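**Student:** Got a structure for you, written out below as structure tokens; questions coming shortly.
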Amino acid sequence: MIPKVLAYITREGKQDKELLVFRHQHHPEAGVQIPGGTVEDGEDLVAALWREIEEETGLAHLKLIGQIVRAPFYADWRDEWQERNVFHLQALSDLPDTWIHVVKAGVEDKGLCFVFLWLPLVEAEQELQWGQGQWLNMI
């Protein structure tokens, strides 16, 4: 089973809590996703979480609320079992409503261009790809 980390990064929106999501600027077929990735050999889960968040978003100043769930997940498009470790984090400062981040590190994501935006939790739950929204009701 391949260990993965996923980040539910939230902020208080105008009407309700909002979730940070992204789209691939040059690969719209990838859909709406949240920051996350594979835990490297010997890496602790929280270290992997912070590394993936910084690589994929450019953000470093977030408050870790805690781990929501550790659950097996079958990624049929890769024909692999994953151990998904989902964490809830809170944005501490006023972040823009949208921004673009080019990934500068990592093997798989380096050079990818992500467009970030905030979605209300209900909308995010419906929009997220690959089962990423299934634990949103736990925050």
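**Student:** Enumerate the amide H contacts of Ile2 below 5 Å, restricted to partners 5 or more residues apart or on another chain; note that Pro and chain-start residues carry no placed amide H.
**Tutor:** Under 5 Å from the amide H of Ile2: Trp81, Gln82, Glu83.
**Student:** Related question: Under 29 Å between alpha carbons, and skipping anything fewer than 8 positions from Lys104 in its own chain: which lysines qualify?
**Tutor:** Partners found: Lys4, Lys63.
**Student:** Compare Lys104, Lys14, Lys63 in a GNM of the chain, Cα atoms joined below 10 Å, and give the one with the largest fluctuation.
**Tutor:** Lys14
**Student:** Can you tell me the relative contact order of region 11-139? Whole percent, Cα pairs under 8 Å, sequence separation 6 or more. Don't jump to the answer; show the numbers that get you there.
**Tutor:** On the way: 203 pairs, mean separation 39.4, N = 129.
Here the relative contact order equals 31 percent.
**Student:** Would you please classify the overall shape of region 13-79 from the alpha carbon gyration tensor, given that a ≥ b ≥ c denote the square roots of the eigenvalues, rounded means a/c under 1.5, and beyond that prolate means a/b larger than b/c while oblate covers the rest?
**Tutor:** On the way: a/c = 1.43, a/b = 1.05, b/c = 1.36.
It is rounded, given that a/c, with a ≥ b ≥ c, falls under 1.5.
**Student:** Shifting gears a bit: Which value in deg cm²/dmol, rounded to the nearest 500, describes the helix-derived mean residue ellipticity at 222 nm for the chain, given -39,500 (n - 2.57) per DSSP H run of n ≥ 4 and division by the residue count?
**Tutor:** Numbers: 2 runs with 20 residues, N = 139.
Helices in the chain give a 222 nm mean residue ellipticity of -4000 deg cm²/dmol.
**Student:** Taking R0 as 25 Å, what FRET efficiency do you get between Asp16 and Asp79 from their Cβ-Cβ distance, rounded to the nearest 0.05?
**Tutor:** Working: r = 37 Å, r/R0 = 1.48.
The computed FRET efficiency comes out at 0.10.
**Student:** Please report the antiparallel percentage of the DSSP beta bridges confined to region 2-138, to the nearest 5. Each step should come with its number before you reach the end.
**Tutor:** Details: 31 of 41 bridges.
Rounded to the nearest five, the antiparallel share is 75 percent.
**Student:** So, one more: How many angstrom separate the Cα center of region 9-69 from the Cα center of region 84-139?
**Tutor:** When both Cα centres are located, 5 Å separates them.
**Student:** Let me ask something else. Sort 4-13, 39-48 by packing, meaning the average of other beta carbons within 10 Å per residue, with the highest value first. Show your work: numbers first, answer last.
**Tutor:** Numbers: 4-13: 20.4, 39-48: 13.0.
Listed from highest to lowest mean packing, they are 4-13, 39-48.
**Student:** Would you please classify the overall shape of region 1-124 from the alpha carbon gyration tensor, given that a ≥ b ≥ c denote the square roots of the eigenvalues, rounded means a/c under 1.5, and beyond that prolate means a/b larger than b/c while oblate covers the rest?
**Tutor:** On the way: a/c = 1.44, a/b = 1.26, b/c = 1.14.
Note, shape of region 1-124 comes out rounded.
**Student:** Output the peptides 18-24, 74-80 sorted from most to least packed, where packing is the average of other Cβ atoms within 10 Å over each peptide's residues. Walk me through the numbers before you get to the answer.
**Tutor:** Numbers: 18-24: 21.9, 74-80: 10.0.
Order by mean packing, descending: 18-24, 74-80.
**Student:** Tell me which aspartates and glutamates have Cα within less than 13 Å of Lys14's Cα, excluding those fewer than 8 residues away on the same chain?
**Tutor:** Cα-Cα hits under 13 Å: Asp94, Asp97.
None of the figures in this text is laboratory data; all of them are computed from the coordinates on show. Since the structure is predicted, the reported quantities are computational estimates derived from the model, not experimental observations. With ideal geometry, Cβ positions are generated from the backbone for all residues, glycine too; neighbour counts draw on all protein chains shown.
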